[in-house]
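The values are calculated or read from the model by the stated rules, or taken from the named source; none is laboratory data. Quick caveat: nothing in here was measured; it's all calculated off a predicted structure. Here the Cβ positions follow ideal geometry from the backbone for every residue, glycine too, while neighbour counts run over all protein chains shown. Note: accessible area is taken over every heavy atom of the protein model, side chains too, but ligands, DNA and RNA are not part of it. Shrake-Rupley method; radii C 1.70, N 1.55, O 1.52, S 1.80 Å.
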Amino acid sequence: MDSKPTRPHRRPPPLPSKTSGVWPVALLVVLCFAALPLFLALSRARPTLSDVSQMGVTVTVHDEDPAGTPPESSPANRDRLLGGLLSPDIGESACLSRYKSSLHRKPSPHSPSPYLVSRLRKYEALHRKCGPGTLFYKKSLMQLTSAYSMGLVECTYLVWTPCGGSHLGDRMLSMASAFLYALLTHRVFVVHVTDDMAGLFCEPFPAASWELPAGFLVHNLTQLGRGSEHSYANLLGAKKIKTDDPAGVRSESLPSYAYVHLEHDYQQSDQLFFCDDDQTVLAKVNWLILRSNLYFTPGLFLVPQFEDELRWMFPARDTVFHHIGRYLFHPSNKVWELITRYHTSYMAKFEENIGIQITTFAGSKVSSEEYFKQIVACTSQEKILPEIDPNATSSANEAALATTASKAVLVSSAQPSEYAEKLKAMYYEHATVTGEPVSVLQPAGAGKQAPNQKALVEMFLQSYCDVSVVSGRSTVGYVGHGLAGVKPWLLLTPTNRTASANPPCIQTTSMEPCFHAPPSYDCRAKKDGDLGAVLRHVRHCEDVGDGLKLYD
């Protein structure tokens with residue numbers, strides 16, 4: 001601490017003259033420091049370390065390797081906690097991607113709300129208290145041996161279990177929706193990690209596990225389905241759950257657990273999950289088991305009792321998956337090594353990376369040649385990639401490729417070599433009209449990695465791209481551009497299967513994923529209706545006409 005200045009005279013110093021510029025500056029500095037706590041308290045967004053340092057306040061960051069702390073100008077000094085979204089209470093070595101993934105992306109322009117940050121910290125405290133392995137968890141398990149739920153319990157649970165055969169993109173979207181539902185209903189979120197998902201993700205919650213331990217008293221979770229005895233629809237049909245007087249229902253009259261079936265084949269009785277009265281009753285069932293292959297988040301916004309909480313957590317409604325996905329999903333160290341090795345070796349040197357994620361669906365009559373033409377039309381018409389000059393010789397192009405290209409295209413698909421090789425050949429054989437060389441990248445390792453591991457690597461590499469071009473309906477694409485926080489260009493499906501799509505692509509006005517199979521029953525009107533016309537911020541998707549999507 002600096003020593004106090006000595007007084008040159010015993011008598012008080014003379015007042016500064018009106019022409020002196022020192023005392024106004026000193027007064028201004030004092031007022032700034034006095035107002036700092038009030039400014040922080042009233043700030044709508046949580047201040048970052050850079051914000052605080054610009055105010056003249058020294059901030060000490062405790063890192064596991066102080067000697068390796070990079071200089072302030074290094075990208076590693078970006079906000080690794082994502083504006084408070086992440087808790088610092090997980091060591092870096094336990095999950096490298098948690099703190100380093102953001103260094104491969106440009107800083108997100110979408111800050112989490114202070115309310116969402118506070119709700120996540122409260123949830124983490126709940127998970128530490130009630131999560132798997134705790135005394136409360138073991139005590140709650142005993143409830144499953146009874147035919148009925150118990151009242152006044154300390155902890156209630158939501159167990160997510162995957163759909164058999166579903167793609168990892170589907171699973172991640174449904175997990176994000178399920179976690180948001182757990183957050184809204186103050187339930188502990190537990191994940192049934194099947195063999196094909198083992199080792200993919202780090203634990204997201206500090207000092208606690210999200211994995212469902214072995215020996216769970218409800219067996220054959222992956223076999224649960226629409227006809228299961230404990231499905232919510234069947235419990236309603238058997239009068240084991242009644243919603244005539246939701247507020248008057250007592251926990252002791254309800255089953256010890258209920259299975260919530262939210263797959264694409266669910267029926268109207270399953271869809272009552274999105275009704276206010278049904279949510280009031282379900283809140284009194286201590287254990288819920290949920291299975292879904294859908295991003296059902298837009299349906300949660302249709303439940304009146306969730307509206308205020310969702311508005312406070314997500315003032316910008318098109319950022320839900322962006323925040324929840326970056327909070328929840330962190331590749332394990334084994335997967336992260338594959339991701340960062342490829343990014344460092346191939347992507348990091350380019351000024352701009354453009355991601356093209358191609359998904360083809362069963363039953364599509366569009367040939368790969370026609371689809372490739374659609375991709376080229378999209379990227380050229382929208383100035384995403386430079387057009388080729390058909391009159392340029394290959395030697396001229398080779399000379400251009402010898403220089404350092406500033407733009408790269410990352411192509412990922414179930415058939416990546418087919419599309420990547422065509423694009424690579426196009427830019428190799430012809431120069432671009434702008435003279436700018438373009439490099440085409442293709443993630444390797446298709447035969448060396450398990451399918452879900454390969455999918456996770458590709459989704460994260462796509463999330464490090466500055467521009468995203470994706471096939472409509474692609475959940476892999478939804479995850480990639482959602483984590484990146486960019487509004488994608490959607491490759492539209494032709495209305496006439498034998499004709500080309502016109503336009504070939506459109507840029508979405510929301511980066512949110514689409515809820516592909518929303519309910520048809522309007523709980524407010526108590527009849528079937530158009531749920532895309534109920535709320536201003538829940539409307540139909542660009543790529544799925546009857547789907548629902550969040551818009552800001």
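Numerical summary
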read-out	value
The range 204-247 versus the range 458-522: alpha-carbon centroid distance in Å	32
Once the Cα gyration tensor of the range 112-314 is diagonalised, semi-axes √(5λ) in Å	23, 20, 19
Residues of the range 458-552: accessible area per residue with a 1.4 Å probe, Å²	37
Value of relative contact order over the range 444-552, rounded to a whole percent, pairs C-alpha under 8 Å and six or more apart	19
Accessible area (Å², per residue) of the range 112-314, counting only protein heavy atoms and a probe of 1.4 Å	38
Counting DSSP beta bridges with both ends in the range 112-314, the antiparallel % (nearest 5)	5
Approximate spin-label separation H219-K383, in nm, with each point projected 7 Å along Cα-to-Cβ	6.5
Whichever lysines have a C-alpha closer than 28 Å to that of K100, once near sequence neighbours (fewer than 8 apart) are set aside	K122, K334, K349, K407, K448, K454, K487
Whole-Hz ³J(HN,Hα) from phi, Karplus 6.51 cos²θ - 1.76 cosθ + 1.60, for the range 513-525, glycine and proline x	x, 9, 7, 5, 10, x, x, 9, 8, 8, 5, 5, 8
Surface accessible to a 1.4 Å probe, H516 within the full protein complex, Å²	40
The range 95-170, accessible surface, carbon-and-sulfur percent (1.4 angstrom probe)	63
H540 accessible area, assembled protein chains, probe 1.4 Å, Å²	70
Carbon + sulfur, % of accessible area of the range 246-286 - ligands and nucleic acids excluded, 1.4 Å	46
Accessible surface ranking that places the most exposed of D528, D318, D195 first, with a 1.4 angstrom probe	D195, D528, D318
Distance (nanometres) between label positions extended 7 Å along Cα→Cβ at A392 and F372	1.9
Size of electric dipole in the range 112-314: Cβ of Lys, Arg +1 and of Asp, Glu -1, about Cα centre, debye, nearest 20	560
Relative contact order [Cα under 8 Å, 6+ residues apart], the range 331-548, whole percent	21
S368, S113, ranked by accessible area, largest first (probe 1.4 Å)	S368, S113
Calculated FRET value between T280 and A348, using beta carbons and R₀ = 51 Å, to 0.05	0.50
Loop-located trypsin sites (Lys or Arg not before Pro) in the range 485-552 whose Cβ has at most 15 other Cβ within 10 Å (DSSP)	R497, R524, K526, R536
Residue order for K239, K422 - accessible surface, 1.4 angstrom probe, largest first	K239, K422
Carbon plus sulfur fraction of accessible area for the range 331-548, probe 1.4 Å, in percent	51
Under Karplus coefficients 6.51, -1.76 and 1.60, residue-wise ³J(HN,Hα) of the range 211-227 in Hz, glycine/proline x	7, 6, x, 5, x, 4, 6, 9, 8, 6, 4, 6, 8, 5, x, 4, x
Length-normalised contact order for the range 112-314 - Cα pairs under 8 Å, 6+ apart - percent	31
